[in-house]
1. Which residue out of V113, V91 is closer than 28 Å to D244 by Cβ, assigned to a helix (DSSP H, G or I) and under 19 Å from the mean Cα position of the chain (by Cα)?
2. From the set of residues in the stretch 235-244 that are in contact with a strand residue (DSSP E or B) (Cβ under 6 Å, 6 or more places away or on another chain) and outside any loop (DSSP other than H, G, I, E, B), which is farthest from I161 (Cα to Cα)?
3. Mind checking which residues of the stretch 87-113 are among the charged types (D, E, K, R) and either in contact with a Cys (Cβ under 6 Å, 6 or more places away or on another chain) or modelled with pLDDT under 95 (or both)?
4. Among (1) among the hydrophobic types (A, V, I, L, M, F, W, C); (2) out of contact with any helix residue (DSSP H, G or I) (no Cβ under 6 Å at 6 or more places or on another chain); (3) in contact (Cβ under 8 Å) with a residue 40 or more places away in the chain, where does I274 come up short?
5. Answer with yes or no whether Y83 is under 22 Å from the mean Cα position of the chain (by Cα) and free of Cβ contacts under 8 Å to residues at least 40 places away in the same chain.
6. Counting only residues that are β-branched (V, I, T) and surrounded by 15 or more Cβ atoms within 10 Å (Cβ to Cβ), how many does the stretch 171-201 have?
7. Among S236, S191, which is the only one that is of a type in the set (S, T, N, Q) and at pLDDT 95 or above?
8. Of L36, L70, L21, which residue is modelled with pLDDT under 95 and buried (at least 16 other Cβ atoms within 10 Å of the Cβ)?
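The values are calculated or read from the model by the stated rules, or taken from the named source; none is laboratory data. On a predicted model such as this, the values are computed, not experimentally measured, just so you know. As a convention, Cβ positions derive from the backbone with ideal geometry for all residues, glycine included, and neighbour counts pool all protein chains shown.
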Amino acid sequence: MSDHITFKVDPSFDGKPIENLFQAFYTPTKTMNHLLNKKVMIQDAYIKPKHILNQGDVITIDFTGMIHPLTIGDVSDHISILYEDEHVVIVDKPVNLLVYDDGMNKDDLTRRVNRYFQKKGYMLPILPAHRIDVETSGMVLFAKHPLALSYLSQLFERKEIDKTYTCLVKGPLLKEKGTIKTKIAQDRHSSKMIPNPAGVEAITHYQLVSLEDPFVRLHVSIETGRKHQIRAHLASIGYPIVGDALYSGFRAERLMLHFGEVSFKHPMKQNKIIQQSRIPF
């Protein structure tokens, strides 16, 4: 049963068609129709496409042929789980660890997460719904099955996830809060993202938290998820993040940027999940 998931249907779906459950996960119609063709069981019996759900139903979904196993290799299974249920896992990423393999590294957070769960007997690939820079620490949202991955990916695309980062910048700060809407693009001569009218849209909001002479602590939220967005935007207005050698030219013990709070609607329970991560600086 390594290609299957089983979970109890939330009471909010009582009396509703099975299609409503798939729609709650933002499941593509083609995928839903495929699964409803003898891939879904309730109480160990295959159901018809127009099945009506009942409170307490235990549903099993067969993803055979729809997933590809990950090559894990010999990596650590040490991870810090902040939140977990049948669908979503939120993991605290340490600084200087990739979220997902870039083709040159054998160790990344995704491999570690999958090693951890495989040792517990969970064999479905667990994949990240987004990434954060390797130098950034903080939360990464993982999907425990394909429906959850579709759901979380859509939340990010639709901007229905609230994300708050904490950072230290070099002061003094001229305004306590502001919004940066500068388009950015890859610099042709370096790995930097730089302001460019022909680049991609990027929107960053910042808010003063505290003055920590000679630095300033900010909360930062982003409406878009571009490469190096926060780092490039803050540097562009004269407030490079402490420890950002790429954008400020000065190194510190680490990049002082951390993804510290996330909130989003749960696909099954429909309630809001709010999760925080301890700020390490």
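1. Details: V91 fails: assigned to a helix (DSSP H, G or I).
From the options V113, V91, the qualifying one is V113.
2. S236
3. Pass one, the stretch 87-113, residues among the charged types (D, E, K, R): 92-93, 101-102, 106-108, 111-112.
Hits for the stretch 87-113 are D101, D102, K106, D107.
4. Among (1) among the hydrophobic types (A, V, I, L, M, F, W, C); (2) out of contact with any helix residue (DSSP H, G or I) (no Cβ under 6 Å at 6 or more places or on another chain); (3) in contact (Cβ under 8 Å) with a residue 40 or more places away in the chain, the lone unmet condition for I274 is (3).
5. No; evaluated as a whole, the condition is false for this residue.
6. 4
7. None of the others qualify; the one that does is S236.
8. That would be L70, the only listed residue that is modelled with pLDDT under 95 and buried (at least 16 other Cβ atoms within 10 Å of the Cβ).
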